[in-house]
Structures are given as C-alpha cells and as structure tokens.
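Trainee: Quick one: the structure is below, and I'll ask about it shortly.
Where a number appears in this text, it was derived from the coordinates with a stated rule and is not lab data. Since the model is a prediction, treat every value here as computed from it, not as a measurement. For neighbour counting, all protein chains shown are included, and Cβ atoms are generated from backbone atoms with ideal geometry for every residue, glycine included.
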Amino acid sequence: MERFLRFVRMSPSGCWEWTGARQREGYGRFGYRGAVRFAHRIALVLFGKTIPDGAVVDHLCRNTSCVNPDHLEPVTNGENVRRGALPDLIGRRNGTKTRCPQGHAYSPENTVVRNGSRHCRLCQTARTAARSAARAAARQKVELRPLPAAKSVAGSHPSGPATDLDFPLHEKASV
Ligand SMILES: [Zn+2]
Ligand SMILES: [Zn+2]
C-alpha cells in the first residue's frame with residue numbers, strides 16, 4: 001500500500017495522478033504480487049473493493065491515469081461500452097468540441113453517432129428537409145414544363161391559333 005501511494009500525486013481536481021510507469025493510453029502500471037498490473041485496478045483492491053470476474057474498471061472522471069478509488073467503478077463490459085466507451089471515443093475523435101459547425105449543441109438528444117463520429121441531429125433534419133424541398137421543387141418544374149412547350153407549338157404556326165389547325169383535321173377524320 002505504501003509503495004503504491006508513493007506513485008500517487010493528489011491533484012486539485014480530486015484525481016490521484018499516477019506518477020509511476022504508464023502505458024500509452026495513460027493507464028498506470030504497477031508491479032503487484034509478482035505481475036505488472038493496471039494501477040487503477042490495484043487501487044480498488046488495496047482500498048477494499050472487489051472487481052467482479054470479467055468486469056472492467058471504469059474511470060468516472062475520464063482520467064485514465066487516475067487511481068482514486070472514488071473515481072473508479074468496476075462495471076461489466078456491456079455497461080462500460082454503453083455509458084463509458086462511447087462518449088470517450090467521441091471525445092477523443094472530436095476533441096472538446098461541444099457544438100456542430102452550425103453552432104448547435106452536441107447534447108445527448110441532438111447527437112447522432114455513426115461510425116464513431118458525431119453528427120448533429122438538427123443539421124441532419126435540416127438537410128433532409130432541404131433535400132425533400134428540392135425534390136418537390138423539381139417535381140413542380142416537371143409539371144410546369146408542358147405549358148411553355150405548348151406555347152412554342154402554337155408560336156411555330158403563325159397562320160392561326162392551335163384550335164383552327166386542330167378543327168379541320170378533326171372534321172376530315174370524322175368524314
Ligand atoms: Zn479521477
Ligand atoms: Zn447542427
């Protein structure tokens with residue numbers, strides 16, 4: 001225990017920073033009972049908490065080098081993925097950004113996570129609306145197109161209105 005605490009530096013945030021060996025992700029390493037283990041897991045054991053078989057230790061403070069037992073909680077794998085790993089993954093990819101490029105907040109309700117990156121729900125809704133508006137406009141243009149076309153047919157026969165041309169044809173057909 002004393003040997004363990006020698007590697008701990010209390011930080012103003014309440015985290016216990018591990019000053020001993022670390023691995024790349026920041027997790028402290030500590031030789032304990034003949035094996036090198038995760039320092040934060042040792043912390044829980046030293047402070048009398050048990051880690052259930054197969055459970056991973058979740059850093060509630062998101063500080064991977066923290067070994068404060070109060071900031072640590074053993075959770076089953078599914079639980080960790082659901083509430084821990086996901087925001088963690090998002091945070092790492094997007095830094096500390098809390099808003100989308102349009103300035104909408106990345107709140108839990110407004111955030112869509114796809115392939116590990118965040119998307120703004122408001123912007124997605126706006127894009128979808130814009131797309132369907134564009135489609136509706138395109139449909140309207142198609143419906144309007146025959147009108148100018150009919151005018152140009154009439155215009156290409158300056159001898160008379162379209163009805164004058166149609167009438168004799170109709171008469172001949174009925175003879
Ligand atoms: Zn902490
Ligand atoms: Zn947005």
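Trainee: Lys and Arg at +1, Asp and Glu at -1: add these up for the other residues within a Cβ distance under 11 Å of A39 and post the number.
Mentor: +3
Trainee: In sequence order, what are the phi-derived ³J(HN,Hα) couplings for region 9-15 according to the Karplus relation 6.51 cos²θ - 1.76 cosθ + 1.60 with θ = phi - 60°, rounded to whole Hz, with x for glycine and proline?
Mentor: 10, 6, 9, x, 6, x, 6
Trainee: When the Karplus curve 6.51 cos²θ - 1.76 cosθ + 1.60 is applied with θ = phi - 60°, which whole-Hz ³J(HN,Hα) does each residue of region 52-65 get, with x for Gly and Pro?
Mentor: Values per residue, Gly and Pro as x: x, 3, x, 7, 10, 9, 8, 8, 5, 8, 6, 9, 5, 8 Hz.
Trainee: Can you compute the modelled spin-label distance between C123 and M1, with each label point 7 Å from Cα toward Cβ, in nm?
Mentor: According to this spin-label approximation, the distance is 5.2 nm.
Trainee: Which order do peptides 45-52, 108-115, 66-73, 10-17 fall in by mean Cβ count within 10 Å, highest first?
Mentor: Highest-to-lowest ranking by the protection proxy: 66-73, 10-17, 45-52, 108-115.
Trainee: Taking the Cα-to-Cβ direction at V113 and at R22 and moving 7 Å from each Cα, how far apart do the two end points lie in nm?
Mentor: That separation, rounded to one decimal, is 2.3 nm.
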